[in-house]
Every structure is written in structure tokens, then in C-alpha cells.
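Engineer: Take this structure first; my questions come after.
The values are calculated or read from the model by the stated rules, or taken from the named source; none is laboratory data. On a predicted model such as this, the values are computed, not experimentally measured, just so you know. A quick note on method: Cβ atoms are made from the backbone with ideal geometry, for glycine too, and the neighbour counts reach across all protein chains shown. Accessible surface is based on the protein model in full, side chains and every heavy atom, while ligands, DNA and RNA are left aside. Shrake-Rupley method; radii C 1.70, N 1.55, O 1.52, S 1.80 Å.
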Amino acid sequence: MSASLKLHWSPKSPYVRKVMICAHELGLLPRLTLVRSVAAMLQPNPGIMADNPLSKIPTLVREDGMTLFDSLVICEYLNELGQGALFPATGDDKWRALRWHALGDGMLDALILWRNERERAQPLPALIDAFDLKIRACLTQLDDEAQDLSQAEFSIGTLTIGCALGYADYRFDALGWRSLAPRLAAWFATLEQRPSFQSTKPVDG
């Protein structure tokens with residue numbers, strides 16, 4: 001199977017990680033050509049903008065030239081291409097997966113904004129406190145849902161929750177989220193043993 005899909009990629013982006021996990025789970029890694037791309041908020045990347053005017057990653061370029069962006073859109077495309085089951089089609093399984101996806105993606109958005117704020121020369125304490133409160137509330141909610149997560153089929157929802165927790169490990173070690181959500185931590189310990197998670201852990205460089 002020839003590599004025919006160009007993916008603007010970074011080893012640190014949790015949104016790219018979502019796509020890479022999907023590709024791994026669906027057996028589509030051989031189809032991807034990875035293009036190392038740096039997406040910085042204050043420095044739009046002309047290379048990315050040639051394919052995505054928003055200058056954001058992940059961005060996927062299909063073999064016919066159509067570009068797809070936003071990690072959810074790319075993941076759904078890969079799921080269809082690989083005839084996978086990461087997006088339940090109907091019923092409560094569908095809405096549960098999409099709800100967990102929304103919660104995981106929202107956690108990622110908050111964590112990234114939190115990190116950006118704390119690295120400013122003069123972080124705004126009220127904003128830092130708000131991010132901290134939201135993430136702790138998310139962890140509490142997910143800890144309450146740990147049994148449901150453990151019983152659910154692997155999907156875009158569980159995958160995205162896993163990416164959010166992995167990013168918390170990568171950038172927010174001091175948060176100590178496992179002590180805040182021990183049942184969630186036990187679920188995550190099993191999830192991250194999947195080869196798709198092991199091979200996509202975020203790294204610097």
C-alpha cells in the first residue's frame with residue numbers, strides 16, 4: 001500500500017497524536033507521509049498555510065489534493081478509509097463516544113491555553129486559577145465515569161480522553177492528576193498499554 005496521504009505532523013501535538021493513534025489502530029500508517037511542521041500562534045507557517053489557511057496541525061492532504069483539517073475531521077476520514085469502528089454509528093454508543101470526545105478535546109484546549117498563560121512574563125492569576133478549576137472538575141467527572149470508560153469499546157471518545165491525560169503527564173506533571181482521580185488513573189494505565197499509545201507518546205524535538 002503506497003504512502004499517499006500527507007500529514008502535517010509534530011511529535012508534541014496532542015491533536016496530531018489523536019490522528020496518529022487512529023491511523024495506527026486502523027492499519028493506515030503505511031499510507032501516511034509525515035511532514036514535520038511547526039505551528040506557532042504568533043508565527044504562521046507558510047508551509048502549513050499552503051494547505052491550511054489557519055496554519056494549524058494536524059492538516060491532512062489527500063492524494064486527490066483535498067485538504068482536511070481539525071483532528072476530529074481527519075480521524076473520521078481515516079475511520080471511513082480504514083472501515084473502522086472508532087465512530088459508533090447510532091444510539092447511546094455514538095453519543096457517549098462524541099460526548100467523551102468533546103470533553104477530552106475541551107480538556108486539551110484548556111490545558112494548552114493554561115500552558116501558554118503560565119509561560120507569559122506576567123501570567124494572570126485569575127486565568128490560571130480558572131484553568132486549574134476546570135481541569136480538576138473534568139478529572140472528578142471522569143473519575144466518576146471510570147467504570148463506564150472501562151466497559152466501553154475503544155472509540156474516538158476513549159482515545160481523546162487518553163490523549164488529554166497523556167498531555168497532562170507531558171506538560172503538567174506537578175498537577176498530580178492521578179491522586180485526584182485514582183479510578184481514572186487505573187483505567188488509563190490499561191489504555192496506555194495499547195501499542196498505538198506506546199508508539200505515539202509526545203516527545204521534545
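Engineer: Taking the structure as given and computing semi-axes √(5λ) of the Cα gyration tensor in Å, which label from [x] 29, 21, 16; [y] 31, 24, 13; [z] 27, 23, 14 fits?
Structural biologist: Structure-derived value, by its label: [z].
Engineer: For the chain, with all protein chains present and a 1.4 Å probe, just round the carbon and sulfur fraction of the accessible area to a whole percent. Before the final figure, lay out the partial values.
Structural biologist: Working: 5820 of 10580 Å².
It is 55 percent, rounded to a whole number.
Engineer: As a test question: what accessible area, to the nearest 10 Å², does Arg36 have when a 1.4 Å probe is rolled over all protein chains in place?
Structural biologist: 110
Engineer: Checking understanding here: applying a Kyte-Doolittle mean of at least -1.0 and a length along the axis of at least 20 Å (C-alpha), which whole DSSP H helices in the chain pass?
Structural biologist: Qualifying helices: 91-118, 125-144, 156-171.
Engineer: Find, to one decimal place in angstroms, the Kirkwood hydrodynamic radius of region 142-185, where the mean of 1/r is taken over every pair of different Cα atoms and then inverted.
Structural biologist: 10.9
Engineer: OK, next. Would you mind pulling out the separation of the Cα centroids of region 28-42 and region 102-130, in Å?
Structural biologist: Region 28-42 and region 102-130 have Cα centres separated by 24 Å.
Engineer: Along the charge dipole of the chain, Cβ charges K/R +1 and D/E -1, which of Ser13, Ala185, Gly166 sits furthest on the positive end?
Structural biologist: It is Ser13, whose Cα lies furthest towards the positive end.
Engineer: Averaged per residue, what accessible area in Å² does the chain show with a 1.4 Å probe, protein chains only? Kindly include the intermediate steps, with their values, before the conclusion.
Structural biologist: Details: 10580 Å² over 205 residues.
Here the residues of the chain average 52 Å² of exposed surface.
Engineer: Can I ask one more? Using bins 5 angstrom wide from zero, how does P(r) for region 24-81 break down, in % of all Cα pairs?
Structural biologist: All Cα pairs considered, the percentages come to 4, 18, 28, 26, 15, 8, 2, 0.
Engineer: Next question, about the same structure. Rounded to a whole number of µm²/s, how large is the Stokes-Einstein D of region 80-194 at 25 °C and 0.890 mPa s, given Rh as the Kirkwood radius over C-alpha pairs?
Structural biologist: After rounding, the answer is 165 µm²/s.
Engineer: Now for a separate question. What is the distance in Å between the Cα centres of region 54-96 and region 3-19?
Structural biologist: 12
Engineer: Among Lys6/Lys94; Lys56/Lys201; Lys94/Lys201; Lys12/Lys56; Lys18/Lys201; Lys94/Lys134, which pairs are too far apart, with a Cα-Cα distance over 22 Å?
Structural biologist: In this structure, Lys6/Lys94; Lys94/Lys201; Lys94/Lys134 exceed 22 Å between Cα atoms.
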